[in-house]
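Participant: Pasting a structure here, questions to come.
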Amino acid sequence: MKFRNPFQSPIVRYISKEAEYQLYEKVAMDIENNNIQKGVWTKALSEAGGDEIKQKAIYIELMVENYKDLIKAGEELEEILSAEFEREAQEEELQ
């Protein structure tokens, strides 16, 4: 069960939901264009117990989570690189 952050503003929640809906839309478009990640598709079939209708629903959820993870990883990498850049700039100032 997910709990909502009581300190998160309605605007931030709205933006987060809109971004999530865009990820669902991207997955839907990928499916329509037959641009499917076969490994994830196969895992979805396995989790669905061979039921191809459930497979599609599971695939959508797995792909949205995958895209969210990619976004978080990119944000984390950006923070690391930014901190490294700042550290190098400070070292240069000291020299």
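Participant: Just to be sure I understand the filter: pairs with C-beta atoms under 6 Å, separated by 6 or more residues or on different chains, first member in the stretch 45-67 and within 16 Å of LEU23 (Cβ to Cβ), second member modelled with pLDDT under 95 and open to solvent by less than 40 Å² (accessible area, probe 1.4 Å). Which pairs pass?
Facilitator: VAL64/LEU23; TYR67/LEU23
Participant: Something else now. Taking into account only those residues within the stretch 35-56 that are small (Gly, Ala, Ser) and part of a helix (DSSP H, G or I), which is least open to solvent (accessible area, probe 1.4 Å)?
Facilitator: Let us first name the residues in the stretch 35-56 that are small (Gly, Ala, Ser), namely 39, 44, 46, 48-50.
Filter once more, keeping what is part of a helix (DSSP H, G or I): 39, 44, 46.
On the way: GLY39: 58, ALA44: 0, SER46: 89 Å².
Residue satisfying both the conditions and the ranking: ALA44.
The values are calculated or read from the model by the stated rules, or taken from the named source; none is laboratory data. Computed from a predicted model, the values in this text were never measured in an experiment. Cβ atoms come from the backbone with ideal geometry, glycine included; neighbour counts cover every protein chain shown. Remember, those area values only see protein heavy atoms, side chains included, never the ligands or the DNA or RNA. Shrake-Rupley method; radii C 1.70, N 1.55, O 1.52, S 1.80 Å.
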